[in-house]
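In what follows, a single structure is set out as structure tokens and then discussed.
The values are calculated or read from the model by the stated rules, or taken from the named source; none is laboratory data. Just so you know, these numbers come straight off a predicted model, no measurement behind them. Cβ placement follows ideal geometry from the backbone for every residue including glycine, while neighbour counts extend to all protein chains displayed.
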């Protein structure tokens with residue numbers, strides 16, 4: 001598990017134990033899942049020949065919690081993680097555009113290689 | 001399921017079908033879960049007698065996804081839902097503070113009654 005997930009988990013468990021008696025069953029911490037799903041992305045532009053690149057999208061369910069504040073001078077404690085790209089690079093894709101001047105157009109595409117539950121975009 | 005979750009699900013499915021061929025297995029949309037966990041919250045202040053109120057905290061795993069943009073002039077498509085209070089009210093708790101003047105202190109406490117996966121705080 002990532003360091004950040006461990007921090008989030010530790011913070012939640014520590015806080016939960018300080019809350020006082022919970023009524024009923026205490027929920028188990030479930031496992032995050034965040035999938036990196038490869039797909040063939042079509043890069044296109046009007047007047048140009050399209051090209052295909054290998055990319056990936058992120059899909060998952062990440063842990064979040066919200067614990068109310070303890071009176072009006074403190075803040076609620078909340079943490080949200082999202083399934084977002086953890087590793088990516090920018091790739092320049094050159095398209096041939098026969099009827100344009102110049103005949104080459106460049107498009108910058110974000111190529112995602114790994115997704116992960118994280119609390120902010122890297 | 002809430003209206004918002006249906007919107008998020010529909011947007012994701014529509015977008016995914018427009019992506020082009022996916023390599024490998026397409027992930028199933030998993031069910032969100034967002035629990036409302038009752039607990040006894042201790043309201044305290046130095047010099048005052050503490051009181052206990054019935055509150056709840058939120059804990060869960062909500063869906064999120066990130067689909068890279070299709071070139072440099074469009075934006076990535078992403079959506080993140082968090083387990084947050086859906087219904088809550090503000091309650092004023094009066095504490096007796098024998099050594100203070102005045103002898104009553106008021107604290108406003110957010111009492112959470114229902115949590116739900118949602119894309120923003122209500």
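If only one of A:94, A:87 is touching a strand residue (DSSP E or B) at 6+ places or on another chain (Cβ under 6 Å) and more than 25 Å from residue A:36 (Cα to Cα), which one is it?
Details: A:87 fails: more than 25 Å from residue A:36 (Cα to Cα).
The match here is A:94.
Quick test of your reading of the structure: residue B:45 fulfils all but one of (1) more than 8 Å from chain A (Cβ to nearest Cβ); (2) farther than 30 Å from residue A:41 by Cβ; (3) modelled with pLDDT under 90. Name the failing condition by number.
Residue B:45 satisfies every listed condition except (1).
Can you tell me which residues in segment A:48-95 are more than 8 Å from chain B (Cβ to nearest Cβ), closer than 19 Å to residue A:13 by Cα, more than 19 Å from the chain's Cα centre (by Cα) and in contact (Cβ under 8 Å) with a residue 24 or more places away in the chain?
A:77
The conditions are (1) out of contact with any strand residue (DSSP E or B) (no Cβ under 9 Å at 6 or more places or on another chain); (2) outside any loop (DSSP other than H, G, I, E, B); (3) at pLDDT 90 or above, and residue A:14 fails exactly one of them. Which is it?
(3)
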